[in-house]
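Since the structure comes first, as structure tokens, the remarks are kept for the end.
The values are calculated or read from the model by the stated rules, or taken from the named source; none is laboratory data. As the structure is a computational prediction, the values presented were derived from the model and not from experiment. For neighbour counting, all protein chains shown are included, and Cβ atoms are generated from backbone atoms with ideal geometry for every residue, glycine included.
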Amino acid sequence: MSIFLMVLLALVLDFFLGEPEKIWDRYPHPATLMGRLVNSLDEYLNRGSARRIKGFVAVAVLVLIAGAIGLFFELLNNVDYLGPVVNLFEVVIAAILIAHKSLTDHVRDVAAALQKGLPQGRNAVSMIVGRDTGAMRESEVSRAAIESAAENFSDGVVAPVFWFLILGLPGILIYKIVNTADSMIGYRNEEYAEFGFAAAKLDDILNWLPARITAVLICFAHFDRAALDVVFEDADMHRSPNAGWPEAAMAGVLDVSLAGPRSYDGEMTNDLFVNERGKRDLSSTDILDAVRALNRSWFAMTGFFALLALIFWLL
């Protein structure tokens, strides 16, 4: 089975099945297992002196474990009678680690909650963003949801696909465990500024190219040259070296302003707006427009891999 067909099948499986609750209520999700490993290393190593070095050790352990598991199945793939079974297993694991359906479901939930009332919208968006949400206005809730949609389309869909395509199962497992570590310990606070440094930096490196591919993909899927201009003009103004790219693309195709000042732990940032000339008075309608933009981008990417799989099959 070609890698292009494997990627295509994984994308389609995730799109239609997502995260079946009946399965994950009974068995631990792979991301949950990764999180437990990160938490164990955090509890064991994040103490005393030399925490930055210990953080590098923790990340090395995570990468080695994930890479070894992936490599084990890649080696099994070379056994003739096991090859097709291993390929299907890899497709299922990739589908589990690609998060398009769960992403769109969570973002859509924010829109539905916001339509019920501002308190409900604040509570829903607090589930997907790390900023302070208690005093958000409707426009700020909507902006946060759209930003999360764009950034997580890169982190949760395009990047896993990219690393699966490049390095197979080891690639997607390594990416996912580093991304999980970054989400758990990659903070710039007193507890994790040193210990989480390695996880945050490696996550930035692994997401550098996928974030830029995501921006181009979103613009291409909408045939929007103006949005691409927004990307090249504003992406680098973002506080994140990567998040600004998909967010700028989303801001461009929706013609809205994203980023800008927001509150973390009671302190306001002075972040600049991405696509400053775009609409700022946002609502649940704009969140749903962002979900449609994600789906359109997903279809463009899936169509691309379907074409590659067909060409490879014909050859």
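When you scan the range 228-246, do you find a residue that is in contact with a Ser or Thr (Cβ under 9 Å, 6 or more places away or on another chain), assigned to a helix (DSSP H, G or I) and in contact (Cβ under 8 Å) with a residue 24 or more places away in the chain, even just one?
Looking for residues that are in contact with a Ser or Thr (Cβ under 9 Å, 6 or more places away or on another chain), assigned to a helix (DSSP H, G or I) and in contact (Cβ under 8 Å) with a residue 24 or more places away in the chain, one finds at least one in the range 228-246, hence yes.
Out of all the residues in the range 268-290, which are at pLDDT 90 or above, loosely packed, with under 14 Cβ neighbours inside 10 Å and part of a loop (DSSP other than H, G, I, E, B)?
Correct list: Arg277, Asp281.
Would you mind stating whether Asp204 is surrounded by 14 or more Cβ atoms within 10 Å (Cβ to Cβ), assigned to a helix (DSSP H, G or I) and among the charged types (D, E, K, R)?
Criteria met by Asp204.
Which condition breaks for Gln115 when tested against (1) more than 20 Å from Leu294 (Cα to Cα); (2) crowded, with 16+ Cβ neighbours inside 10 Å; (3) in contact with a Gly (Cβ under 9 Å, 6 or more places away or on another chain)?
(2)
Tell me, please, whether a residue that is closer than 22 Å to Leu272 by Cα, among the hydroxyl-bearing types (Ser, Thr, Tyr) and out of contact with any His (no Cβ under 9 Å at 6 or more places or on another chain) can be found in the range 97-106.
Within the range 97-106, not a single residue is closer than 22 Å to Leu272 by Cα, among the hydroxyl-bearing types (Ser, Thr, Tyr) and out of contact with any His (no Cβ under 9 Å at 6 or more places or on another chain).
From the list Gly117, Gly171, exactly one residue is more than 12 Å from the chain's Cα centre (by Cα), farther than 19 Å from Phe305 by Cβ and not polar (S, T, N, Q). Which is it? Steps first, please.
Details: Gly171 fails: farther than 19 Å from Phe305 by Cβ.
Of the residues listed, the single one that is more than 12 Å from the chain's Cα centre (by Cα), farther than 19 Å from Phe305 by Cβ and not polar (S, T, N, Q) is Gly117.
From the residues in the range 262-281 that are touching a strand residue (DSSP E or B) at 6+ places or on another chain (Cβ under 8 Å) and of a type in the set (D, E, K, R), which one is nearest to Ala227 (Cα to Cα)?
So the first thing to find is which residues in the range 262-281 are touching a strand residue (DSSP E or B) at 6+ places or on another chain (Cβ under 8 Å), and the list is 262, 269, 271-275, 278-280.
From what's left, of a type in the set (D, E, K, R): 262, 271, 279-280.
Numbers: Arg262: 23, Asp271: 20, Lys279: 14, Arg280: 16 Å.
Among those that are touching a strand residue (DSSP E or B) at 6+ places or on another chain (Cβ under 8 Å) and of a type in the set (D, E, K, R), it is Lys279.
Among the residues of the range 47-81 satisfying the criterion of being surrounded by 15 or more Cβ atoms within 10 Å (Cβ to Cβ) and among the small types (Gly, Ala, Ser), which is farthest from Ile93 (Cα to Cα)?
Ranking the candidates gives Gly55 first.
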